[in-house]
2 protein chains.
Amino acid sequence: MQGGKPPRKPTLSQVAQIAGVSEITASRALRDSASVTQGTARKVQEAAAQLGYLRNRLAGALAGGPSNQVGVILPSLANIVFADVLKGLEDHFEDAGFHPVLGISNYDPQREERLIRDLMSWRPAGLVIAPSNSTSASRKLLAGAGFPVVEIMDVDIDPVDMCVGISHHGAGAEMARHLIERGYKRFAYIGHDIVRDQRALTRLNGFTATLEAAGQSLSATLTLDAPSSVTLGRNGLAQLLREADQAPDVVYFSNDDMAVGGVFHCMSENISLPDQLAIAGFNGLEIGQALPVPLTTTGSNRVRIGQKAAGAILQRLKDGNTAPAAQSIDVGFTLVHGGTA
Amino acid sequence: MQGGKPPRKPTLSQVAQIAGVSEITASRALRDSASVTQGTARKVQEAAAQLGYLRNRLAGALAGGPSNQVGVILPSLANIVFADVLKGLEDHFEDAGFHPVLGISNYDPQREERLIRDLMSWRPAGLVIAPSNSTSASRKLLAGAGFPVVEIMDVDIDPVDMCVGISHHGAGAEMARHLIERGYKRFAYIGHDIVRDQRALTRLNGFTATLEAAGQSLSATLTLDAPSSVTLGRNGLAQLLREADQAPDVVYFSNDDMAVGGVFHCMSENISLPDQLAIAGFNGLEIGQALPVPLTTTGSNRVRIGQKAAGAILQRLKDGNTAPAAQSIDVGFTLVHGGTA
DNA sequence: CTGAAAGCGCTAACAT
DNA sequence: ATGTTAGCGCTTTCAG
C-alpha cells in the first residue's frame, strides 16, 4: 500500500529449501504433481502456500517451458464481428488454459506488422490473425514463426500456415444469385472504406462477377471513405438515391451495419421494403434480425470461426507442432431470407 | 513448412557481434536509439535486420526490463457490455504499445482466482479486472501484486487499489425515482442469475430502497437462474404476467437484453407500451434504442470505463507506480428517456 | 557514450 | 523419484 521498494517475490528455490527438496523437484511438484511422490508433492505445495509463492512463467518460458499465451491480432473491436470472433477464440482457449494477447491493427498494414513483431517477441504458443493487407515483411515473419499461425475470416487466400473462415467471394456471388432470382434488375452497391476492408471488396467482386455472368451489372456504386456504421449507411442511401440517374430497385450494402442504416432511411422516407426498394447486407447481425422487417443478409459464423481457429492451434500444439500441409477450414455461410429482399 | 527441429532464433549477442559492439550496446541501440551514437545505432539496426533478429521480451522482462502486457479479466464476452469495455481498454493501451492478456472468469470466483494467479505469473505491468464475487484469496493476491490494479464496472466497492465504473446502486435508485415520478404504482422486477451477477443485484437494491423510501414496494419479483438474454426476458415477462395476482404497470428488468425480450413479448401479445405496461432496462444498448419504441433505460458508459481504466494504469506506470491513496473514478450514468416508460 | 560482470528464476537434459 | 549441471537471452547495476 505505501511506498518503498517492492519486496522481492518468493522464488522456487526458497520453496524448495523449506520443503527440503531440490529446486527441480519443487518445480516438478508444482507443475505436475504426478511426476513426484505424493508426500513430496504435499510438502512442496505447503511450502509454496506458506510463502505465497507465485510461479514466474517468464523464467519458465525462457528456460524452455511451454507458453500458454496466444497472440491475437484483429483489425478492430468497434465492429461486433470481431468481438464475436474473439468470443469464439476464448471459448476454446480458456478451457485449455491459454490466454489471448491482444493487438488491434486498425486495418493498418504497418501497424499490423509492428503488432506481429511485438506479439512474437513474447514467444507465444501460437498466433491468430485477421489480416489487413499484410505486408510482405509480415508474411515473412509469420512464415518463419516456428509456432502455429491461423489466418482467419477469409479462405480465399493463400495461407502462410493455416486459415479458417468463409469465402467472401462466394458470399457476394450467392447474394447476387439470390437477388437475380428474385427478379431485381437495377443493382446498386453502397460500401465503406473498402481500401482497408479487403474482405468487403472481395464480396463485391464476387457479387459483380456473378451479375456480369448473368448479363447484368451494377448501375450505381457508392463507396464512402469511412468505417462502416449505421449512420454511414443511412446517409449513403440518401445520397445514392439523390444522385442516381435512375433509382435502383435493390441495394447491396457492404455489411449489416450499413444495410440497417439503409433500412432506417427507408423507414423515415416511407420507402416500402422490399417493393419500392430492396436491401441486402452481410453478416447476419442480431440488430438486423430484430428489425420490424428482418434484413436479408448472409450469415457468417463468426463465433465458429474463432472456435475453429483456436481448435486448430490447440490441435497442432498437441501434435507437437509438426506442421502438416497448409490447412484451410471453411466454416461456410448461409443466406438469411429476411423480408427486405 | 517441413518438419525438423526449429532453428534457433538469432540472439542479441549475434547482432552485437556483427555490429562490432558489445551486447549491452546493441540492446540499448535497439530499445532506445537515443542513448547511443547515431552511427552505432545504424550499425546495430542493420545487423539486426540482416539477421532477422526478433527481440525476446521474455528474457528482457526476466532481467528486469519493463513489460507491456496488462492482464484483463472479464466475466464474459458473450455480453456486449464487456466487449465494449475491452474496446475502451484497447483504445488507450494500443496507443501506448501495451497488450491486454485476456482471461474470462465466467462469473466464477474460483475461476477468477485461478486467472489472477495465471495472469500474474506472467508479471504483467498492470491488471484490470471486472470482479465476480472475488474470493479473499483473490483480494490478497491483488493487494500484494506490486503493480497497478483497477477494479472496473462498479464504484460501490472498497477497491484493493483503484476502481473505475459507475454506482449501480445509484443507477437502480435513479430509475426508481423516475418511475415513481411517472406515476407508476405496481412495480415488478425480472432478473437473471443474480447470484453471479452482483452488479445487477446492487441495482435492484438501489431500486427497492428508493421505492421503499417513497412508501412503495415491489409487487412481484421474478429471478431466473440463467444468464441474461433476450429470450429469457421474453419468457420471463410471459411467466410473470401469467402468475402475478395483479398485473404490474411497470417492470424493471435486470438489463437491456432482458428488457428487449420483454418488449418483444408485448409486441406479440399486443400489449401497448407504455400505457398497458411500462418497461425499463439498464445499459443503453444500441438494440434497445433501435426498437420501434426506444427503450427507457440507464446508459452506462462502458467504453469510457475501459478508457479510464487503461488511463489509470498508464498514469501510474508513468508516475513510477508510487501507489497513492486508493483512487475511485466514477464515470457516471445517464437516464435514457425512451418511450417504454 | 560504451563495456564487464552478474544474475533474473526457472526448466531441459542427463545422471543416479 | 530425485538431483546436478548448465544455460535460456537479456538487462541492471557499476565502471570507465
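The values are calculated or read from the model by the stated rules, or taken from the named source; none is laboratory data. All of these numbers come straight from a predicted model, not from anything done at the bench. Here the Cβ positions follow ideal geometry from the backbone for every residue, glycine too, while neighbour counts run over all protein chains shown.
A few points about this structure:
- Among the residues making up region B:318-341, a single one is touching a Pro at 6+ places or on another chain (Cβ under 7 Å), within 29 Å of B:Ala96 (Cα to Cα) and more than 14 Å from chain A (Cβ to nearest Cβ): B:Ser328.
- A:Val293 without any contact (Cβ under 8 Å) to a residue 60 or more places away in the chain and either assigned to a helix (DSSP H, G or I) or more than 23 Å from A:Ile73 (Cα to Cα) (or both): yes
- When residues of region A:34-70 are limited to those that are among the charged types (D, E, K, R) and within 14 Å of chain B (Cβ to nearest Cβ), the one nearest to A:Lys318 (Cα to Cα): A:Arg57
- Filter result for B:Gly284 (touching a strand residue (DSSP E or B) at 6+ places or on another chain (Cβ under 7 Å), buried (at least 19 other Cβ atoms within 10 Å of the Cβ) and more than 14 Å from chain A (Cβ to nearest Cβ)): yes
- Restricting attention to region A:6-59, the residues being outside any helix (DSSP H, G or I) and farther than 23 Å from B:Gly71 by Cβ number 6.
- Verdict on B:Gln276 being outside any helix (DSSP H, G or I) and of a type outside the set (Gly, Ala, Ser): yes
- Where helices (runs of 4 or more DSSP H) fall entirely within region A:154-251, those with at least 2 residues that are closer than 21 Å to A:Glu269 by Cα are at A:230-243.
- Any hit, region B:18-33, residues being away from chain A (no Cβ under 14 Å), over 30 Å from B:Ala312 (Cβ atoms) and away from DNA strand C (no atom under 11 Å from the Cβ): yes
- Residues located in region A:6-26, provided they are surrounded by 14 or more Cβ atoms within 10 Å (Cβ to Cβ) and more than 9 Å from DNA strand D (Cβ to nearest atom): A:Lys9, A:Pro10, A:Thr11, A:Leu12, A:Gln14, A:Val15, A:Gln17, A:Ile18
- Among the residues of region A:160-190, those identified as surrounded by 20 or more Cβ atoms within 10 Å (Cβ to Cβ) and either among the basic types (Lys, Arg) or under 20 Å from the mean Cα position of the chain (by Cα) (or both) are A:Val160, A:Asp161, A:Met162, A:Cys163, A:Val164, A:Gly165, A:Ile166, A:His168, A:His169, A:Ala171, A:Gly172.
- Qualifying residue in region A:109-116 (condition: modelled with pLDDT under 95, among the polar types (S, T, N, Q) and not assigned by TED's automatic domain parsing to the domain that holds A:Asp275): no
- Scanning region A:32-42 for any residue that is modelled with pLDDT of 95 or more and farther than 28 Å from B:Met162 by Cα turns up nothing.
- Region B:90-148, residues that are of a type in the set (A, V, I, L, M), closer than 24 Å to A:Ser105 by Cβ and more than 10 Å from chain A (Cβ to nearest Cβ): B:Ala96, B:Ala125, B:Val128
- Residues of region A:237-267 that turn out to be among the acidic types (Asp, Glu) and buried (at least 24 other Cβ atoms within 10 Å of the Cβ), as a count: 2
- For beta carbons closer than 6 Å, sequence separation of 6+ or different chains, a first residue in region B:205-233 that is within 17 Å of B:Tyr184 (Cβ to Cβ) and a second that is part of a helix (DSSP H, G or I) and among the basic types (Lys, Arg), the qualifying pairs are B:Thr210/B:Arg177.
- Hey, A:Ala78 over 18 Å from A:Met162 (Cβ atoms) and part of a helix (DSSP H, G or I) or not: no
- Among the candidates B:Tyr53, B:Tyr107, the residue that is aromatic (Phe, Trp, Tyr) and either more than 16 Å from DNA strand D (Cβ to nearest atom) or more than 27 Å from A:Ile116 (Cα to Cα) (or both) is uniquely B:Tyr107.
- Some residue of region B:70-77 being free of Cβ contacts under 8 Å to residues at least 24 places away in the same chain, in the same structural domain as B:Val149 (by TED's automatic domain parsing) and within 30 Å of B:Ser254 (Cα to Cα): no
- Qualifying positions in region B:27-48 - within 12 Å of DNA strand D (Cβ to nearest atom) and not aliphatic (A, V, I, L, M): B:Ser27, B:Arg28, B:Arg31, B:Asp32, B:Ser35, B:Thr37
- Residue list for region A:207-232, filter: touching a Ser or Thr at 6+ places or on another chain (Cβ under 8 Å) and over 19 Å from A:Ile80 (Cβ atoms): A:Thr208, A:Leu211, A:Ser217, A:Leu218
- Residue in region B:298-317 that is within 14 Å of another protein chain (Cβ to nearest Cβ) and more than 16 Å from B:Leu89 (Cα to Cα) present: no
- Flag if A:Gly39 is over 27 Å from A:Asn283 (Cβ atoms), of a type in the set (Gly, Ala, Ser) and in the same structural domain as A:Ala145 (by TED's automatic domain parsing): no
- Residue match in region B:165-176 (condition: over 20 Å from B:Pro248 (Cβ atoms) and within 14 Å of another protein chain (Cβ to nearest Cβ)): no
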